[in-house]
Each structure stands twice: as structure tokens, then as C-alpha cells.
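What follows is a set of notes on a single structure, which appears directly below.
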Amino acid sequence: MAHATGMKYLKQDALPHMWCAGCGNGVVLGALARAFEELDLAPEDIVAVTGIGCWGKADDYLAVNALHTTHGRALAYATGVKASNPKLRVVALMGDGDGATIGGNHLIHSARRNMPLTAIIVNNYNYGMTGGQFSATTPANAFTSTSVGSNPERAFDICELARAAGANYVARETSAAGMKLKNRIKEALEAPGFSLVEAISPCTTQFGPKNNMRRPVDMFEWLKAKGLPASKYDKMVHPEQEGFFKTGVLVNRDAPDFITRYEAMRSRMQAGGRE
Amino acid sequence: MKKNQRLIQGNEAIAFGAFYAGARFYAGYPITPSSEIAEICSRELPGLGGFYMQMEDELASMGAIIGASLAGSKSFTATSGPGFSLMQENLGVAIIGEVPIVVIDVQRSGPSTGLATKPAQSDFMQIRWGRHGDQAIIALAPATVRECFEFTVLAFNLAEKYRTPVVLAPDEIIGHMRENMEIPEPGELPVVERTEPQGEPADYRPFCFKEGCVHPLANYGSERIYHVTSSMNGEDGFSNNSPENAARRVAQLHTKLDAGREDIVMTESFDVEGCETLIVASGAPVRAARSAAKDARAKGLKVGVLQLKTVWPFPELEIAAAAKNARRIIVPEMNYSGQLAGEVRKLVNDKNMVRQVNSYNGQIIFPAQIAQAIQ
Amino acid sequence: MQRNYELIMAGSGGQGLVFLSSLLAQAVIEDGGNVAQTQSYGIAQRGGFISAEIVASDEEILFQQVVKPSLVVVLHECAGSRYDAVAAPVLYDSSLLAEKSRPNNWKGVPFSLIAADLNAPKAANMAALGAIIQTVPVASLDAVAAVVERRFAPAVAKINLTAVKNGMSAAKQVSQGGRS
């Protein structure tokens, strides 16, 4: 098989994209399009649902069905699309502010419901589009435009949150590892139930420069140094305090998804069981 | 006994009306006094091949029904004032995305949590102006249980026909009261289905910004791939920042409802011919108004009632025509500020001829209160 | 028969008052009439004052609420003094409400006792239903029986119908001056 380019899933006349030089969004978009191609998905069967933020603009470049929604609510819209037509392949593209901060409630409930959707959260540790304010994933003590004296809040671990809430598949990679990211997205698209891929990504205009990573390459080097596979991460003492994070597949289980459970309930009702 | 007459609650009639119209997707969050609708949907939709989804909040409920509608299901939610407030931002997506959905707002007394089980009509302005950005919407208000059923069917029809959200706004009285009614047989009431777009799938554009235009909507999963966005967009559904495009886009959202005005705006007249006192009412107060008007006519007074079945777009022409010979217009409504009265006042030169009868303590308006205003 | 009745049923949440009013409303329909049934309640699922109203007519019902009651039924003390000034007959549960002097139009019928005698304490509302149709001809016994038989399993329907009939007799006795 020829190397997948993903081009047929991209709206080529909309390129080049709007994202900053060094931003990881392009890498994630490329990984997503290649994953679609390697799975040979029909563009008309895909619905990309986006929220608001830099990564929320991804639908502008996708030649699949798309629904660009409000800040934080992409998963709610995606839930309706999926239940209305379960044959559709639904992906929700959200940033950390969108997907884990203002939209945190929908994230945990989508995972709890085990809604058969794929959430791809690009975590760049801040609100890039509005000028680099801190989000729920900004590390403690980090500097942002609304934490100029360092962030007094603690960060969410998105993957841990999704795992605890019941997601079937959870994985994390960085945008410094495009191939791995593509493979995780492929696995997520094939996983039953709710799947989530967190892509840690550099914000080279806002977060990086405010935190001693002036050049994009500094941020990529930082991602490569801090993202560790389980084999290394699990051997460390207090890795989180050192700013390390685990990459790879973190959760992989096959609990029945919402649609399956709903159909089972429907059959019970039609068989005259307890209503 | 008349055939098939049944005792039915307003909220029940709304749910049955929705199923009659072909609604097969409900997403909502329980709230008094609308919860019966959710309960009936959870019981009936599985058997109808549909989905009942209880979402984590009203923001999610609104998002889910918009997504479901685009994927091809006639979709709706039911709520009350506090929940409707939470739906507003996402309701704006349905407006700019021209997504057919129906929202039931069983109005209860506020402000805020207010009197949760008591009736009000204080959401009319929230329905019309509750969202940021300039846009138009359709709202209907039933006054009987039968109308709960019929208006719900109409709401779905208008939503599909004009690609727009439609709000059905009964007050708590109408939502919770029970009356005898006959459930219409299939085929008895018209049901509007989504029209399949024509032409080459590759050429499909989800929007048309010609004045008054309502463009056919494809479903996600059909051969027509398309984008819907909450951002200012072109006819192709992609972001578009040009001022010329924005002007056409915003205007068309208004003109499509202007063009359908005769179809959308519904009123009913009761003895308005030559009336000197006109009572303009919507929802439960229509009943008190008709009762008061009947007593007044028995005393020889020329009193007519104009029922606003459609609240938005506001029936300006119909009110003006009914008030032609009127020396006084009485507007009874369950709110303090006179949300409907204010609109009526805009239509007349002599502002003093509009007399308000307001109830804002969670209690209904009685005919005697209207009778007093007639005197 | 030209019907035009306005009824109020008041009591405490959980006494089956709204259910009683909806059975009566269905009986009105069974007899070919129009009916509007409303209720007023608070936020508690159980307990607290609650009232249900029925407007029954052979004509179109304009105003849905009671303006001039034809009859009031009080099932619980929590109704307080709300109906003290009512001119219409007031039937109250004499086995539940305190013994005290009441206005002349108040007639005590032991709804709860009638139900207890049938070993069906929850059927007090059915006894009240019987007393209602005995006092004002808003619906026929046949219509009530038809509705009760439709609504309940045969064994329960039988007990409930007995409660209705016993409620009728008790109300008849009271109206003839008998002591309940």
C-alpha cells in the first residue's frame, strides 16, 4: 500500500492553514486525514464536529461533513449526530480549553455514556486563540497572560479523567510524533465506545515564549523530552512533579457502548419487559 | 360518548403531537413543569425506532438535537425558563445553521428559579431576544390541550419548511391541564417532510442567501457532503469574513421568515368584527379573555378577542386589523412588564388605549380581572 | 341534561387527589361531556397542600378554572381556612379531619373509614369520588364504573367500585341529616 497522504480528506483550496509557524495542529490534522485514508473511510460517512479555539478551526480544512459549534459543546452535538445516525463515524475535535475546561462536563459524560465517538483533544496548555490565558490543563506555576505571577491552579490530566469516567480507549501522544499520533487516532476510530486521543502540542506564539521556550524548536524538544512511554514513565519516582507525562495507549477495553446498550434496552421493551 | 375522546394532559398532547409529526429524537434535561414530555419520550421513542437521550445539561440537550437533526431525525427538546436560558447560545447555532428543531418551553414563574411549579408568560422576550446576535425565530403558544397537539405538529412543519428552530411556549397551566380531545388519525393533519436536495451531489451547497430563500437541507450521511458552522459563513458552509457576504447571510435569516409570514403568523378572532374593546391574548389568558368577553357581550358591550397563536413573528397586521374600530385594547398576560402589551403599544398612536392586565405572582388571570379592565 | 359544574378537590400531596380528579374527568367524557382538569401543587413530591379542579360542561369550556364552585371536597386539614367562605356544599373526610364546629354547608363523610372497612386504605379517594357524584350529578355511576374497570385490574376495580358506592351511600345519609 502506498504511503497515505490523507489529501482526499483535506479541502486543499483552503490551504495553507491559518495556524502559527511551529503549531502542532497541522501535524494532528495530517495524522487525522491519514488515519481516515488508512481505514478507507468514505468522506460522506464522516462527521467532524468542532468547538471553538485554534484546533476548533480544523473543520475549515476538512473535506468531510462538518459541524462547527460553540465553545465546549462539540461532544454534545456529536452525541446527537451519532445517535441520530449510528452508521456515521463521528470525531470531535477540541482544544484543552474547549474540551477539558468549558466543555469538561460533556467530556466526562460522553465517557460515562461510552458514546461511540472519537474525541481528539489537542492540548497546548493554554487558550491560544484569545491570547494565551490559562486553561484547566495549564501546569501549576506556569506563566500565561492571566497567570503572569505563575498559575496558582492545578492542571487536569485529561486522559486520567476520561479513564475514570469510563472511556473505552484513551491514548496520548505529542505532535512531535506524527506517525504514532496517526496510529493512535486509527485505533481510536476503530475502538468501540468512547475513545479519546490527547495530542500534546506546542503553542509557539503564546505558551512557549511565556515559559522559557522562545523558539518553536524549543517546545518540540521539550515535548520529546517530557513525553515518555509507560516503560520509562512507570519506573520514575514522582514523574508528574518533574513535568513528565505518559504517552501511548493508556486505556483499551471493550465495555458495551451507549448505542449497544440502548438497543438492548429497546429489545427488552419490545419483548414486553420492564418498561 | 364521542368516539376516541380521551382525557389528555397538555404536555402529553405535545409529546404525542411530536411523534405524529415524525419526531424520533429527543434530548433533554428534566425540569418542572415540562418533565412529563421527557418521561413520555423515554417510554415511547424506543418503540417508535427513535432515541430518548437524557443529557448532562440543557446546553448539551440543545447541541444534541441540532446534531441529530442534521443527521436526519426530526428532533426536539422540552424545558422551562431556567433551562431555556441555558439553551440560548446553542439555539443560535440552529438559527445561523438553519437547522430545523423544535423547542418546548413550558413557561414557569421567575425570575431565576422563581416559583418552579407556577405558571407564567415571562419568556416571550427571552424567546425572541434571548440570544446574542440579531436574528429571527418562530414561536407558537397553545391555549388548549388540542392546540398543544396541533401546534406541536405545526411547529415541526414550520421548522422543516423554513429550516429554522421553532419554539412552542405553553404556560404551565396549559402544559399541565387535562382536557378531552380526540387524537387525530394519521393523515388527518398535514406533516411536512424534509425535501431532498436536487442536482449533482458534488455541487451541493447547504445555504442560499437570496432574499427569502429557504434552501433544501441534506442529511449527514447522504451523498452530499456539507459543512455547517456557527461562524459567519458563505453559501458553501465554510467560514467567510467578507462584509458583503455577512450582510446577505444575516438578511436572509430574516427575510425567509418575512416571505413565509402568511403561513407562519396564525391568529384566531372571536367576535372582533366592529368591536370597541379588543382583548389581545395568547396561551391560558385567551380562555379567561373569551370568558370575560362572553359575559361583557351578554351585557351589550362590543368586546372581541384576538388569540395570538403565533407570538413571533408578532402578528402586527392582524392586531391592527382587529383593532380598527377599537377604542381600547386589553392585553392580559402572566408577567409584570407586559411583554405582549409592549409590542401591541408599538402598533397604535394613542399609547393610552392599551390597557394591561398582568399577573406575576404565580397565579392565573381570572375573567373577573379582565372584566374589570373592560369596564 | 345541561351540565355545568365546577368542582374543587383539596388535600395533601400523596392522597391520590389528582388521580381522583382525573378519574372523574374521564367519567365526564364517558358521559359525553367536555372537561378541563387542572391542579395546583408545590415542589414537594409527597405532602403539602394540593388542589385539583374540574370544570365539566356540555358546552365548550372557555375558562379552565373554577370561578364559582358547585362543590368542594376537603381531604386534609392542611386545606386550612381556604374554603370557609364557600357557599357551595363542602364534603370533608370526617374520619381524618379534626372534630370541630364547621359551617353548615360542610358535611362530614368518613372517606378514610369507608376505605379502611374495605381493607383498602388507599381507596379513600374512591369513596370521595362516590360522594361527589352523589352530591352533584357531574357524572353517572355507570360512567365512573366504566372508567374504574378500564383503569384497574379486576380485583382492585371491584374494591374501588365498592368504595365508590359506599361513598355514595354515606353522602346520601349525610345529606338526609344522618350522622356520619
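Only the coordinates and a few stated rules stand behind these numbers; no lab work does. Predicted model only: the values in this text are computed from it and were never measured. Cβ: placed from backbone, ideal geometry, glycine included. Neighbour counts: every protein chain shown.
Couple of notes before you dig in:
- Each of C:66, A:64 was scored by other Cβ atoms within 10 Å of its Cβ. Listed from fewest to most, they are C:66, A:64.
- Each Lys and Arg adds +1 at its Cβ and each Asp and Glu adds -1 at its Cβ; summed about the Cα centre, region B:267-374 shows a dipole of about 240 debye.
- Region C:44-180 shape via C-alpha gyration tensor axes, a/c threshold 1.5: rounded
- The stretch between residue C:116 and residue C:169 holds 17.5 nm of extra length on full extension. This uses 0.36 nm per residue minus the Cα-Cα distance.
- Antiparallel DSSP beta bridges within the protein assembly as shown, as percent of all bridges there, nearest 5: 35 percent
- Kirkwood hydrodynamic radius (C-alpha pairs) into Stokes-Einstein, region B:5-182, 20 °C and 1.002 mPa s, D in µm²/s: 139 µm²/s
- The charge dipole of chain B, taken about the Cα centre with unit charges on the Cβ atoms of Lys, Arg (+1) and Asp, Glu (-1), comes to about 1220 debye, rounded to the nearest 20.
- Counting, for every residue in C:36-48, the Cβ atoms of other protein chains within 10 Å of its Cβ and taking the mean gives 4.
- Net charge over other residues, Cβ less than 15 angstrom from the Cβ of residue B:86 (K, R count +1; D, E count -1): -3
- Inter-part distance where region A:135-167 and region A:65-107 are each reduced to a Cα centre, Å: 21 Å
- Using just its DSSP H runs of length 4 or more, each adding -39500 (n - 2.57), the protein assembly as shown gives a mean residue ellipticity at 222 nm of -10500 deg cm²/dmol after division by all residues.
- Alpha-carbon centroid distance for the pair region A:174-191 / region B:220-293, whole angstrom: 45 Å
- Cα gyration tensor, region B:267-374 - rounded (a/c under 1.5), prolate or oblate: rounded
- DSSP bridge analysis restricted to region B:267-374 gives an antiparallel fraction near 25%, rounded to the nearest 5.
- Note that region A:76-89 has calculated 3J(HN,Hα) couplings of 5, 4, 4, 4, x, 4, 5, 5, 5, 9, x, 6, 6, 9 Hz, one per residue in order, obtained from phi through the Karplus relation 6.51 cos²θ - 1.76 cosθ + 1.60 (θ = phi - 60°); glycine and proline are x.
- Note on region B:222-330: Cα-only Rg and Dmax are 21.3, 66 Å.
- Binning all Cα-Cα separations of chain A at 10 Å, short to long from zero, yields these whole-percent fractions: 7, 30, 37, 19, 5, 2, 0.
- Partner chain coverage, peptide A:222-233 - average Cβ within 10 angstrom: 0
- Here chain C is treated with +1 on each Lys and Arg Cβ and -1 on each Asp and Glu Cβ, and its dipole about the Cα centre works out to around 500 debye.
- Farthest toward the positive end of the dipole of region B:296-357, out of B:314, B:298, B:337, is the Cα of B:298, where the dipole comes from beta carbon charges about the Cα centre.
- Alpha carbon centroid spacing (whole Å) that separates region B:321-371 from region A:195-272: 59 Å
- Size descriptors for region A:126-275 (Cα atoms only): Rg and Dmax, in that order, 19.3, 66 Å.
- Local electrostatic count, residue B:213, Cβ distance below 12 Å [Lys/Arg +1, Asp/Glu -1]: +2
- Ascending count of other beta-carbon atoms within 10 Å, so fewest first, for B:74, A:232, C:100: C:100, A:232, B:74
- Counting Lys and Arg as +1 and Asp and Glu as -1 over every other residue whose Cβ lies under 13 Å from the Cβ of residue B:341, the net charge comes to +3.
- Each DSSP beta bridge with both residues in region C:4-175 is either parallel or antiparallel, and the antiparallel ones are about 60%.
- Calculated FRET value between residue C:67 and residue A:238, using beta carbons and R₀ = 60 Å, to 0.05: 0.20
- With R₀ fixed at 25 Å, the C-beta to C-beta distance from residue B:247 to residue A:17 puts the FRET efficiency at about 0.35.
- Linear extension gain, residue B:368 paired with residue B:350, 0.36 nm per residue minus alpha-carbon span: 3.9 nm
- Cα gyration tensor category, rounded, prolate or oblate, for region B:80-239 with a/c compared to 1.5: oblate
- With neighbour counts taken as other beta-carbon atoms within 10 Å, the residues C:90, B:280 rank, fewest first, as C:90, B:280.
- Straight-line cross-link partners of residue C:172 among the lysines, defined as a Cα under 20 Å from its Cα and at least 8 positions apart when in the same chain: C:107.
- In this calculation the C-beta distance from residue B:360 to residue B:316 is compared with R0 = 30 Å, giving a FRET efficiency of 0.75.
- Rg(Cα)/(2.2 N^0.38 Å) for the protein assembly as shown, N = residue count: 1.10
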